[in-house]
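Down below is the structure, laid out as structure tokens.
Readers should treat all values here as calculations from the given coordinates under stated rules, not as data from a laboratory. Remember, predicted model here, so these are calculated numbers, not experimental data. No Cβ is skipped: glycine too gets one built from the backbone with ideal geometry, and neighbour counts run over all protein chains shown.
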Amino acid sequence: MLINFILNHNPVSVDAPADITLLALLRDHFKLTGTKEACEVGECGACSVLLDGELANSCLVAAPSVMGRDVVTIEGIHAEDGGPNDLQRNFIEKGAVQCGFCIPGMVIAGEALLAIKSEPSRLEIREALAGNLCRCTGYMQIVDAIETTAKGRAEKPHPEKREN
Amino acid sequence: MAKYDYVLAKSLDHAVELLNESGIRSIPLAGGTDIYVAIRVNPVWFDRLVDIRRIPELNKVSLDKDQVKFGAAVTFSHAIKNPILLKVAPFLVEACKTIGGPAVRNCGTFGGNVSNAAACADSLPSLVCLEAVAHLCSPKGQRQVKVENLVKGPHETQIETGELLTHFTFQVPPKNAKSCFIKIGRRKAQSISRLSIAVIGAVNPAGMVDYIRVCPGAAVATPVRFPQVEAVLLGKKPNKESITAASEQLVADMIQSTGRRWSTEYKEITLKAIAERSLTKIFLEDGHHVN
């Protein structure tokens, strides 16, 4: 069936089977493999995307249900020049990336939080990441990266920050 | 060849019509957080998903006089931010906060949680305490069933094929009522309840309990109130002794219902502890708290 929606800020149209998830649509039909496939039951957060600005597990979203909606994947999160944005740079600088598999989901979850809370507490950051599993870092550096980004954006409003 | 089809329902009538189209086994789809997990382990048992998430009246929470009404497609994230539910049923909001993680709460709905009817479903104990009524719609008309009766067993409800769970209603509890929800899981987020409990109660001006509802989750086959436990407290001044007696009654009633099982050794200690903790919270402390 034909599915029209906004993908990473651009309108797209794709002919896909009705029985696939948004995760499969992104990876298999758009070849956007930054969104990771892992548990496929909504436990790990590796497949996180922003759906109308809200965090969602793309493995649990029906692909046709995004008709007319706004989807942002990790490929849609970047600085104006196409390089890493402030949050992604802070992930690197704080040592928040080890094997890297969970990081697209972590960055998406971080952006979902920063879109609604400009200065979250560390507890709020941990709660926002509660559905994203990382088996390498122990989370501290990831929390540090999001906290540092929040402080940076509070000082200097970020051009990519979405206002809800 | 797709294993099943998908169709977006444009209105309530459209959804009911689609669910009853002959020759096509259709089931409603809301958040998808249970369906997509289920079809990974079970063979697909339907021909078509009828997406009900965008039907406006299924997404509303409203207060009319003393009655709260909320749509089956209201998400847990929506509930957590809703001022009506926060004011009249804080323990229901607390229960919603313990479900999954943020992404699951953004998609998961009350209608899905109730119709999936897992023994450990986290919104159910509070809904049972509130004596919430589920409203079902089909071509035959509307019918109403108390949530406590709607759930017949683990993953089993009275909802018939072609019937759509549209919304829930409940009477606003007494103004002085205090409530509490406690969940025991293996970690704070993304965990299935090992046990949970919802309690709501109030005392009259003389300090005697005149309103009490107790419903544990994941303790017996379905979430139900325990009248014998409520009777221990009703009409008495709540104190440490009566709370302990009520908690022991709850454990005895649970064992009577389930028999002694491999998990009983754990559950009898834990259920007593969370019953005491929640009842203490509402009667001897400030209520409205969780965990």
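Could you state the principal axis extents of the C-alpha atoms in segment B:100-174, from the largest down, to the nearest angstrom?
38, 33, 23
What stretch of chain A, leaving out the sites themselves, is the longest with no GluC sites (Glu not before Pro) in a DSSP loop having at most 11 other Cβ atoms within 10 Å?
With a cap of 11 other Cβ atoms within 10 Å, the longest stretch comes to A:81-162.
Long-range amide H contacts for B:THR157: which residues qualify at under 5 Å (H placed 1.01 Å from N, peptide plane, sequence gap of 5 or more or a different chain)?
B:LYS152
Within segment B:64-108, which trypsin sites (Lys or Arg not before Pro) sit in a loop by DSSP and count at most 14 neighbouring Cβ atoms inside 10 Å?
Filter output for segment B:64-108: B:LYS65.
Lys and Arg at +1, Asp and Glu at -1: add these up for the other residues within a Cβ distance under 13 Å of A:ASN90 and post the number.
-1
Count, for each residue of A:48-61, the Cβ atoms from other chains sitting within 10 Å of its Cβ, then give me the mean as a whole number.
5
Taking amide H positions as placed in the peptide plane 1.01 Å from N, state which residues far from B:LYS146 in sequence (5 or more) or on other chains have amide H under 5 Å from it.
Residues meeting the amide H criterion: B:ALA134.
5 Å is the cut-off here: which amide hydrogens, built 1.01 Å from N in the peptide plane, fall below it relative to A:ASN85, excluding neighbours closer than 5 in sequence?
Amide H neighbours of A:ASN85: A:ALA79.
Hey, what's the Cα Rg ratio for the protein assembly as shown versus the globular rule of thumb, 2.2 N^0.38 Å? Don't skip to the end; give the middle numbers.
On the way: Rg = 23.0 Å, N = 455, 2.2 N^0.38 = 22.5 Å.
It is 1.02.
Once both axes come from the Cα atoms, what is the angle between helix A:103-116 and the longest principal axis of chain A, in degrees from 0 to 90, rounded to 10?
Roughly 80 degrees between the two axes.
I want the local charge near B:ALA134. Using Cβ-Cβ distances under 12 Å, sum +1 for each Lys or Arg and -1 for each Asp or Glu among the other residues.
0
List the trypsin sites (Lys or Arg not before Pro) within segment B:150-234 that DSSP assigns to loop and that have no more than 10 neighbouring Cβ atoms inside 10 Å.
B:LYS175, B:ARG186, B:ARG187
Could you give the C-alpha radius of gyration of chain B expressed as a fraction of 2.2 N^0.38 Å, taking N as the number of residues it contains?
1.02
Of the residues A:ASP28, A:ASP70, A:ASP144, which exhibits the maximal mean-square fluctuation in a Gaussian network model of chain A defined by a 10 Å Cα contact cut-off?
A:ASP28
Largest first, please: the extent of the C-alpha atoms of segment B:5-51 along each principal axis, to the nearest Å.
Between the extreme Cα coordinates on each principal axis of segment B:5-51 lie 31, 23, 12 Å.
Using the Kirkwood radius over Cα pairs, work out the Stokes-Einstein diffusion coefficient for segment A:1-100 at 10 °C and 1.306 mPa s, in µm²/s as a whole number. Before the final figure, lay out each step's value.
Values: Rh = 14.2 Å.
My calculation gives 112 µm²/s for D.
Go ahead and estimate [θ] at 222 nm for the protein assembly as shown from helices alone: -39,500 (n - 2.57) per DSSP H run with n ≥ 4, summed, over the residue count, rounded to 500.
Calculated from helices alone, the mean residue ellipticity at 222 nm is -9500 deg cm²/dmol.
Under the definition of partner shielding as Cβ atoms of other protein chains within 10 Å of a residue Cβ, what is the mean value for peptide A:34-47?
Neighbouring Cβ atoms belonging to other protein chains average 3 per residue here.
Please compute, for the alpha-carbon atoms of segment B:226-291, the extent along each of the three principal axes and give them in descending order in Å.
Computed over segment B:226-291, the largest-to-smallest principal extents equal 36, 26, 17 Å.
Against the longest principal axis of chain A, how steep is helix A:140-155, in degrees 0 to 90 to the nearest 10, with axes from Cα atoms?
On a 0 to 90 degree scale, this one is about 80.
For chain A, what number of Lys pairs, 8 or more residues apart or on separate chains, have alpha-carbon atoms under 16 Å from each other?
Lysine pairs meeting the criterion: 5.
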